[in-house]
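Down below is the structure, laid out as structure tokens.
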Amino acid sequence: MEHIENMTRMMAGSLGLEEPWYIIGAQFDEKEMALHIHVGIRRAAAIVCPKCGAQTKRNGYESKERIWRHGDVMFYPCLVHCRRPKVLCPHCGSVQVNAPYERKNSRFTLLFEGYAMLILADMPIAKTAALLRCDEKSLVKIMRHWINKAVDGMDLSDVAMLAIDETSFKRGHKYVTIIIDAAKRRVLDVEEGRDAETVKKFAEKLTAKGGDPENITAVTSDMSKTFLPAIADNFPKAENIIDKFHVKKVLIDALDEVRKAEQKAVADKKELFRGRRLFMIPEAKLTNEQSAKLAEMSKRYPQTGRAYRIVAGLDDFYASRTLEEAESGFDGLYSWMRRCRLAPMKAAAETLKRHKDKILAYFKNRITNAICEGINSMIQAAKRKARGFHTFEGYSSMIYLIAGKLQLAVPKPF
């Protein structure tokens, strides 16, 4: 090491060492193919109590040398060794002194953890573990520590509009509820399950982090029997908005029922089955070729074609520029659905009628779960990154990491 200029200073800087901490020495183990760095603290150095800051007396060292994993050096694993000192505090008694480069209860240096978090934001856990040559469980512990620290420190005092959605966690009908700040487009909370209790838990967290449930002016969600009453109970002054994408899903599902029923009754069943996806494309997004094909199929299959035109009518309704125009459009659409002689569409009309006020509330605030849909694509990426860890904690931490816009206090390696 003495032949490489400033090598000792480079190592000390990488570990964040300042006097009285110093590099004792370093050796490369050819059998292990790893670099070992030994760190010490000056014997004569005065150390204050790490708990209360009082002047102390030295009280020896810990009985066994501790080892931490650091960032690779020249592509070789790097391990940091140290026997940390103890002090005798007049107030706290015997206290262990931590090294500058460590986090309590972690066997990785702070800079290693910062590098790991940087990679985890873009790579699956398994690949990150292979790249860093460490086990996956250790990475999950690192991630959970820094994510939980950032989430606990969130300031939610300015949150006024929310979007609530659910997404699958794993097979077997396992779900998580995602609470999103509709203005800043960031995940505020991830709760296990999708019942009313998830909304209540978030309301409690909102209060604990400087927010006020009574300051929430609008909440958009689906029309589930769990979310809607829970929103009304926990955010009493909020406008309850049913997300337009979930409204459209009601009509799309009804359209599909009409298509399936007509498919059973016609001779060329395969043709209608093969064209089912065409009837799912919004009218405005059809190419000229698709538009011509759809017109031809609508003539051949009139019931499915009629149901498709109703779905297109919903898009026209959501194009309304004012609340008054929207009210008139809703009544016209409802009347059309009631008179269409298509049982699934008539049932869908009654579903919309029951939620008329909450559907029309969109035209007062114009917030939708499109925010959720965009974040949900990120969440699906998170699911792939968290593959292999079948715990809610690991999954939720990954969601926060990529969609929470968190201010992580982890040291930055670059």
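What follows is calculated from the coordinates using simple rules that are stated; it is not laboratory data. Not measured: the values here are computed from a predicted model. Here Cβ is always computed from backbone atoms with ideal geometry, including for glycine, and neighbour counts include all displayed protein chains.
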Suppose we take every Cα in segment 244-365 and form the convex hull; what volume per residue is that in Å³? 97 Å³
Run the dipole for the chain about the Cα centre, Lys and Arg Cβ at +1, Asp and Glu Cβ at -1, nothing else charged, and hand back the magnitude in debye, nearest 20. 960 debye
Could you bin all the Cα-Cα distances of segment 222-314 into 10 Å bins starting at 0 and give me the percent of pairs in each, rounded to whole numbers? 15, 39, 22, 15, 9, 1
Once the Cα atoms of helix 392-403 and of the chain are each reduced to a long axis, what angle between those two axes, in degrees from 0 to 90 to the nearest 10, is obtained? 80 degrees
Loop-located trypsin sites (Lys or Arg not before Pro) in segment 315-376 whose Cβ has at most 12 other Cβ within 10 Å (DSSP): ARG321, ARG341, ARG366
DSSP loop chymotrypsin sites (Phe, Trp or Tyr not before Pro) in segment 21-111 with at most 13 other Cβ atoms within 10 Å of their Cβ, which ones? PHE75
In terms of the charge dipole of the chain, which places +1 on Lys and Arg and -1 on Asp and Glu at the beta carbon, the residue among LEU286, HIS70, ILE242 farthest towards the positive end is LEU286
Pairs of Cα atoms under 8 Å, at least six residues apart: use those to get the relative contact order of the chain, whole percent. 14 percent
Quick check on the chain: helices-only [θ] at 222 nm, where DSSP H runs of length 4 and up contribute -39,500 (n - 2.57) each and the sum goes over total residues. Nearest 500, please. -14000 deg cm²/dmol
Calculate, axis by axis, the spread of Cα positions in segment 109-151 along the three principal axes, and write the results as whole Å, longest axis first. 27, 20, 17
Per Stokes-Einstein, at 10 °C and 1.306 mPa s, what whole-number D in µm² s⁻¹ belongs to the chain, with the Kirkwood radius over Cα pairs as the hydrodynamic radius? 61 µm²/s
Please arrange GLU214, GLU30 by counting, for each residue, the other beta carbons lying within 10 Å of its beta carbon, fewest first. GLU30, GLU214
Extreme residue, positive dipole direction of the chain, given options ILE310, CYS52, CYS340 (C-beta unit charges): CYS340
Put one equal scatterer on each alpha carbon of segment 1-102, apply the Debye formula with no solvent term, and list log10 I(q)/I(0) at q = 0.13, 0.16, 0.23 1/Å to two decimals. -0.51, -0.72, -1.22
Based only on other Cβ atoms within 10 Å, what is the fewest-to-most ordering of MET10, MET33? MET33, MET10
Which far-off residues, 5 or more places away or on another chain, put their amide H under 5 Å from the one on LYS174, with H placed in the peptide plane? PHE169
How large is log10 of I(q)/I(0) for segment 145-219 at q = 0.18 Å⁻¹ when the intensity is taken from the Debye formula with one equal scatterer per alpha-carbon? -0.72
Got a sec to turn the phi values of segment 315-320 into Karplus ³J(HN,Hα) couplings, 6.51 cos²θ - 1.76 cosθ + 1.60 with θ = phi - 60°, whole Hz, x for Gly and Pro? 4, 5, 4, 6, 7, 4
So for PHE202, PHE330, fewest C-beta neighbours within 10 Å to most, what's the order? PHE330, PHE202
Can you list residues whose amide H is under 5 Å from LEU188's amide H, if they're 5+ apart or on another chain and H is modeled 1.01 Å from N? ILE179, ILE180, ASP181
Using mean Cβ contacts within 10 Å as the protection proxy, how do 308-318, 275-285 order, highest first? 308-318, 275-285
